[in-house]
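K.L.:
Below you'll find the structure I mean.
The values are calculated or read from the model by the stated rules, or taken from the named source; none is laboratory data. This is a predicted model, so every value here is computed, not measured. In this analysis, Cβ positions are derived from the backbone assuming ideal geometry, glycine residues included, and neighbour counts consider all displayed protein chains. The protein model used for the area step is the full one, side chains on, heavy atoms only, and it has no ligands, DNA or RNA in it. Shrake-Rupley method; radii C 1.70, N 1.55, O 1.52, S 1.80 Å.
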Amino acid sequence: QVQLVESGGGLVQPGGSLRLSCVASGRIFSINAMGWYRQAPGNQRDLVAAITEDGATNYVDSVKGRFTISRDNSKNTVWMQMNSLQPEDTAVYYCNAEIRPRPWAGTSAYWGRGTQVTVSS
């Protein structure tokens, strides 16, 4: 069994910062890409940022220059530093990881339960 647990969400004023964390645990042989998605009320869940096992990153245009994704493969952990937060960043943020549970197994996508980020004055 694999679990992804997010933390670090909360209420912040416009222009503020938050740092999200996500730790993967359980039956894990390796983790390929890890990423953060977000879903605002009435909207679909969209990719915000992703990082490969080798550290290559990808961001949606609206967060480039403000958000930074990073990971520690030895700790099965991914972070996202979010700066200059704006009200339009308000959403539930979900962690995603492509995990191989055993050397002979294929990869599957796993999701955390989400953490709420609210940007409001």
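K.L.:
Pick from Arg71, Arg38, Arg45, Arg27: which is of a type outside the set (Phe, Trp, Tyr), touching a Pro at 6+ places or on another chain (Cβ under 6 Å) and touching a residue at least 24 places away in the same chain (Cβ under 8 Å)?
P.N.:
On the way: Arg71 fails: touching a Pro at 6+ places or on another chain (Cβ under 6 Å); Arg38 fails: touching a Pro at 6+ places or on another chain (Cβ under 6 Å); Arg45 fails: touching a Pro at 6+ places or on another chain (Cβ under 6 Å).
One residue alone meets the criteria, Arg27.
K.L.:
Looking only at the stretch 8-52, filter to residues that are among the aromatic types (Phe, Trp, Tyr) and touching a Lys or Arg at 6+ places or on another chain (Cβ under 8 Å); which one of those is modelled with the lowest pLDDT?
P.N.:
Selected residue: Phe29.
K.L.:
Regarding Ile99, is this residue assigned to a strand (DSSP E or B), buried (at least 20 other Cβ atoms within 10 Å of the Cβ) and under 11 Å from the mean Cα position of the chain (by Cα)? Don't jump to the end; show me each part of the working.
P.N.:
Values: assigned to a strand (DSSP E or B): yes; buried (at least 20 other Cβ atoms within 10 Å of the Cβ): yes; under 11 Å from the mean Cα position of the chain (by Cα): no.
No: the conditions fail for Ile99.
K.L.:
In the stretch 102-121, which residue that is open to solvent by 60 Å² or more (accessible area, probe 1.4 Å) and without any contact (Cβ under 8 Å) to a residue 24 or more places away in the chain is farthest from Ala49 (Cα to Cα)?
P.N.:
Looking at the filtered set, the residue picked out is Trp104.
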